[in-house]
Amino acid sequence: MAGRKTDMSYFAQTATKDSTEIAGCARTRPILFSGNMVLAVLRGEKSQNRRVITRRNSLSSIGWDRLDFTKPAYIDDSYNPPCAMVKIAGPEGTSHRVFSRYEVGDRLWVRETVATDGPWNIPECCTLWYPADGGERPTGYQTRSSIHMPRWASRITLEITEVRVERVQEISEDDARAEGCVLAEGYEALATTMFRDPYRAVFDDIWDSINAKRGYGWDTNPLVWALTFKLLELANKEKP
């Protein structure tokens, strides 16, 4: 985008044990999704995901422990992609740029709970069954936690099309729908009587169920990387 700065020195640090990069090719990295998130992607209802800004998904040229996320921070959108300006701990109160490890064009392979009828280390001998699809687990299949899913067992690959930085409470009603939020029958009318946007209200509840116990509840309004993506590949199963 014309007129916006790009600091590639930060992006040179992006290699992690879970990501791969080939010269001239997009990076690939895993992302954990719950069963409901997986179904929303398969139905074409989920095209966004918000991740709390942490050491693991961010880049900083100074030690992470020197950054104070309890102090007010702001967004610098003069860079491409935008970055978060976070206060450095100490009385001087200066701010430091924090960049996202996620970039437009990066590919995300989705980790989800899966069951197999064979050992992980022999892929050609395994048949996969995904609990997110519903139904009873086939006899003889062993369920594997999503965190342990290897790359070869992932059926969903996404491509990032936009990276933004924002406070979680800045999410719009349209963005909450793009997160895959679904309204239960009668919930829209109930939320309206409580002067709440219905999809944002659902997102608020889902957000707290995942992040409140980690200290990043809705009320703390943490900084997040807001990722927009498209479905790039669906393997091991036909798209419904």
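Selection of segment 32-77 for residues being farther than 21 Å from GLU170 by Cα and among the aromatic types (Phe, Trp, Tyr) yields PHE33, TRP64. When restricted to residues that are aromatic (Phe, Trp, Tyr) and within 23 Å of ASP76 (Cβ to Cβ), segment 86-145 contains 2.
Among the residues making up segment 100-122, those that are part of a strand (DSSP E or B) and within 19 Å of LYS230 (Cα to Cα) are SER100, ARG107, LEU108, TRP109, VAL110, ARG111. Consider segment 161-171 and keep the residues that are buried (at least 17 other Cβ atoms within 10 Å of the Cβ) and either free of Cβ contacts under 8 Å to residues at least 12 places away in the same chain or within 13 Å of the chain's Cα centre (by Cα) (or both). The one that is farthest from ASP219 (Cα to Cα) is VAL163. Figure legend. Inter-residue proximity from segment 135-158: first residues over 20 Å from THR28 (Cβ atoms) and outside any helix (DSSP H, G or I), second residues aliphatic (A, V, I, L, M) and at pLDDT 90 or above, beta-carbon distance below 7 Å, spacing 6+ or different chains. Indicated pairs: ARG137/ALA115; TYR141/ALA115; GLN142/ALA115; THR143/ALA115; ARG144/VAL114; ARG144/ALA115. Looking across segment 172-200 at every residue that is of a type in the set (Gly, Ala, Ser) and modelled with pLDDT under 90, the one that is surrounded by the most Cβ atoms within 10 Å (Cβ to Cβ) is identified as ALA191. Is it the case that segment 60-76 has a residue that's among the β-branched types (Val, Ile, Thr) and in contact with a Phe, Trp or Tyr (Cβ under 9 Å, 6 or more places away or on another chain)? No, segment 60-76 has no match at all.
Whether any residue in segment 17-32 is over 30 Å from ASP133 (Cα atoms), modelled with pLDDT of 80 or more and charged (D, E, K, R) is what I want to check. Within segment 17-32, none of the residues are over 30 Å from ASP133 (Cα atoms), modelled with pLDDT of 80 or more and charged (D, E, K, R). Of all residue pairs spaced 6 or more apart or on separate chains, none has beta-carbon atoms under 6 Å together with a first member in segment 107-131 that is over 13 Å from ARG155 (Cβ atoms) and free of Cβ contacts under 8 Å to residues at least 12 places away in the same chain and a second member that is of a type in the set (S, T, N, Q) and not in a strand (DSSP E or B). Against the list (1) surrounded by 16 or more Cβ atoms within 10 Å (Cβ to Cβ); (2) within 20 Å of the chain's Cα centre (by Cα), the condition GLY105 fails is (1).
Applying a threshold of 9 Å to beta carbon distances and a minimum spacing of six or more residues, or different chains, the list of pairs starting in segment 49-78 at a residue that is farther than 20 Å from GLU162 by Cα and of a type in the set (Lys, Arg) and ending at one that is modelled with pLDDT of 90 or more and in a loop (DSSP other than H, G, I, E, B) reads ARG66/SER60.
The residues of segment 108-128 that are buried (at least 19 other Cβ atoms within 10 Å of the Cβ) and among the aromatic types (Phe, Trp, Tyr) amount to a single one, TRP109. Checked against (1) at pLDDT 90 or above; (2) loosely packed, with under 14 Cβ neighbours inside 10 Å; (3) in contact with a helix residue (DSSP H, G or I) (Cβ under 8 Å, 6 or more places away or on another chain); (4) in a helix (DSSP H, G or I), SER209 passes all but a single condition, namely (3).
The values are calculated or read from the model by the stated rules, or taken from the named source; none is laboratory data. Keep in mind that this is a model prediction, so the values were computed, not measured. We place every Cβ from the backbone using ideal geometry, glycine too, and count neighbours over all the protein chains shown.
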